[in-house]
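Undergrad: This structure is in structure tokens; I'll ask about it shortly.
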Amino acid sequence: MLQCIFLLSDSGEIMLEKQLTGHRVDRSICAWFWEQSVSQGDSFKLQPVIASPTHYLFQVVRDGITFLACTQVEMPPLMGIEFLCRVADVLTDYLGELNEDLVKDNFVIVYELLDEMIDNGFPLTTEPNILREIIAPPNLVSKVLSVVTGNSSNVSDTIPGAIASHVPWRSTDPKYAKNEVNVELVEEMDAILNRDGHLVKCEIYGEIQVNSHLSGLPDLTLSFANPSILDDVRFHPCVRFRPWESHQILSFVPPDGQFKLMSYRVRKLKNTPVYVKPQFTSDAGTCRVSVLVGIRHDPGKPIDSIDVQFQLPSCVLSVDLTSNYGTVNILSNKMCSWTIGKMPKDKTPSMSGTLTLETGLQQLHIFPTFQVRFKIMGVVLSGLQVDKLDVKNLPNHPYKGFRALTRAGKFEVRS
């Protein structure tokens with residue numbers, strides 16, 4: 001049973017406090033938490049469960065916002081962590097993105113969502129599609145009406161259809177003129193390459209996102225040609241666990257609308273679609289820079305939205321960098337951003353120039369790490385293959401669409 005939830009900014013400010021039970025948790029627990037976070041650094045932020053002198057704390061960090069939950073009673077730790085992840089996902093779904101300003105601007109909606117998602121310390125309604133029937137997402141019209149009428153509540157007066165349904169994540173008997181279901185595989189590649197271009201680590205984090213507009217109570221079955229490559233699988237509550245455990249088949253009654261059916265990891269990949277080769281040569285207070293970007297393993301589809309960033313060392317006084325393709329920008333925080341866009345077929349993008357070092361420094365001793373971003377439509381680099389999607393309990397054959405997207409996650413090249 002959770003007793004309180006706090007939302008903290010990246011500076012430790014309490015943006016929102018929600019007491020969940022009759023036992024009031026004092027705000028001083030946040031001061032203790034932030035002191036430990038500052039003193040211990042990143043190692044403390046990586047701990048999902050923390051024992052304080054008075055409470056057990058659960059923390060989840062998303063986009064600079066810390067979701068902190070407190071309890072004094074024994075409870076499954078995964079329940080607290082998973083609930084905070086659900087809260088972060090729902091807020092991202094409602095607000096479009098997650099940052100400090102959006103949370104403060106939509107304080108009322110965030111508070112109303114927490115009211116519906118948890119009751120007396122126990123999770124209640126966490127399905128985004130059902131929450132949208134209860135609490136309207138923020139928009140310009142609702143903000144104007146709240147100013148004119150003085151009523152800031154976004155809670156609907158009607159009971160959502162799922163309350164009367166025996167499937168809690170689906171409305172009662174929805175009807176559509178055109179039945180369709182779209183499945184999208186979205187993958188992020190996390191990779192670390194050393195200065196010689198060799199892979200230190202390469203893995204995929206993937207999600208299967210489904211957009212379902214099907215009438216009645218359909219029963220879907222999704223199977224894969226190679227499910228054995230999947231690790232760390234997590235399912236939406238609609239997935240029946242026994243068919244997956246015995247035959248690696250996803251059998252489920254889908255929620256109505258957009259939802260995340262499953263997430264997974266694929267480990268120990270042996271190749272990346274792009275390479276980045278940085279080279280630094282220092283002499284007499286200047287450092288010559290050369291960076292090449294090219295295709296290491298052709299995915300069969302165009303590689304788009306390529307962007308290379310690196311933080312200039314503090315000892316660098318001035319920068320003169322140019323590229324034969326794309327644009328190079330030096331930001332105010334000494335971050336160098338090289339925007340390439342779509343990988344050209346007729347040339348290898350390169351960036352070169354010089355860094356002027358501070359007085360008295362002959363050579364560069366601190367070498368930057370390059371952050372790489374890219375996007376590939378129509379392909380999944382993990383090699384996961386969808387075998388078939390069967391839809392039952394529908395009078396007509398629905399439209400079934402499939403899409404794929406791979407993008408860079410934490411893709412680093414050390415120099």
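The values are calculated or read from the model by the stated rules, or taken from the named source; none is laboratory data. Please read these numbers as outputs of a predicted model, since none were measured by experiment. Glycine gets a Cβ as well: all are built from the backbone with ideal geometry, and neighbour counts include every protein chain shown. Only protein heavy atoms, including side chains, enter the accessible area calculation; ligands, DNA and RNA are left aside. Shrake-Rupley method; radii C 1.70, N 1.55, O 1.52, S 1.80 Å.
Undergrad: Using only Cα atoms, figure out Rg for region 274-377 and give it as a multiple of 2.2 N^0.38 Å.
TA: Numbers: Rg = 14.5 Å, N = 104, 2.2 N^0.38 = 12.8 Å.
Scaled against compact globular proteins, the figure is 1.13.
Undergrad: Any idea what angle helix 77-95 forms with the longest principal axis of the chain, computed on alpha-carbon atoms, 0 to 90 degrees, nearest 10?
TA: 80 degrees
Undergrad: For region 178-190, just list the computed ³J(HN,Hα) in residue order, Karplus coefficients 6.51, -1.76 and 1.60, θ = phi - 60°, integers in Hz, with x standing in for Gly and Pro.
TA: Those phi angles translate into 10, 8, 8, 9, 10, 10, 10, 9, 10, 10, 10, 9, 9 Hz.
Undergrad: 222 nm [θ] for the chain, helices only, -39500 (n - 2.57) per DSSP H run of 4+, per residue, to 500? Mind showing how you got there, number by number?
TA: Values: 8 runs with 77 residues, N = 415.
Helix contribution divided over all residues of the chain: -5500 deg cm²/dmol.
Undergrad: With a sphere of radius 13 Å drawn around the Cβ of residue 54, what net charge do the other residues whose Cβ falls strictly inside it have (Lys, Arg +1; Asp, Glu -1)? Please report the intermediate quantities before stating the final value.
TA: Details: positive: 24, 27; negative: 26.
Net of charged neighbours comes to +1.
Undergrad: Residue 337 versus residue 246, label points 7 Å from Cα toward the beta carbon: distance in nm?
TA: Here the modelled spin labels are 5.3 nm apart.
Undergrad: Same structure again: May I ask you to list the aspartates and glutamates whose Cα is less than 20 Å away from that of residue 388, ignoring any residue fewer than eight positions away on the same chain?
TA: 180, 184, 187, 207, 219, 245
Undergrad: Cβ neighbours within 10 Å, averaged per peptide: list 404-413, 67-76 in order, most packed at the top. Can you show the working numbers first?
TA: Values: 404-413: 19.4, 67-76: 16.9.
Descending mean neighbour count gives 404-413, 67-76.
Undergrad: Along the three principal axes, how long is region 4-149 when you take its alpha carbons, biggest first, rounded to the nearest angstrom?
TA: Here the Cα extents, ordered largest to smallest, are 47, 29, 23 Å.
Undergrad: Which order, highest average first, do 234-247, 297-310 follow once you tally other Cβ atoms within 10 Å for each residue and take the mean per peptide?
TA: Working: 234-247: 13.6, 297-310: 16.5.
Those peptides, ordered most packed to least, come out 297-310, 234-247.
Undergrad: Which sequence of 335, 377, 189 reflects their accessible areas, 1.4 Å probe, from the largest down? Could you put the intermediate results ahead of the total?
TA: Values: 335 40, 377 95, 189 0 Å².
Accessible-area ranking of 335, 377, 189, largest first: 377, 335, 189.
Undergrad: Run down the lysines and flag those whose C-alpha is under 24 Å from the C-alpha of residue 277, throwing out any fewer than 8 positions away in its chain.
TA: Partners found: 201, 268, 301, 334, 342, 345, 347, 375, 410.
Undergrad: Can you run phi through the Karplus equation (6.51, -1.76, 1.60; θ = phi - 60°) for region 110-115 and list ³J(HN,Hα) in whole Hz, with x for Gly and Pro?
TA: Values per residue, Gly and Pro as x: 4, 5, 5, 4, 5, 4 Hz.
Undergrad: Calculate the spin-label point distance for residue 108 paired with residue 180, positioning each point 7 Å from the Cα along the beta-carbon direction, and give it in nanometres.
TA: Between residue 180 and residue 108, the simple spin-label model gives 3.5 nm.
Undergrad: Mind giving me the nanometre distance, one decimal, between the label points for residue 279 and residue 307, set 7 Å out from Cα along Cα→Cβ?
TA: My value for the distance between the label points is 2.8 nm.
Undergrad: To test your reading of the geometry: what angle, between 0 and 90 degrees and rounded to tens, separates the Cα axis of helix 28-40 from the longest principal axis of the chain?
TA: Roughly 30 degrees between the two axes.
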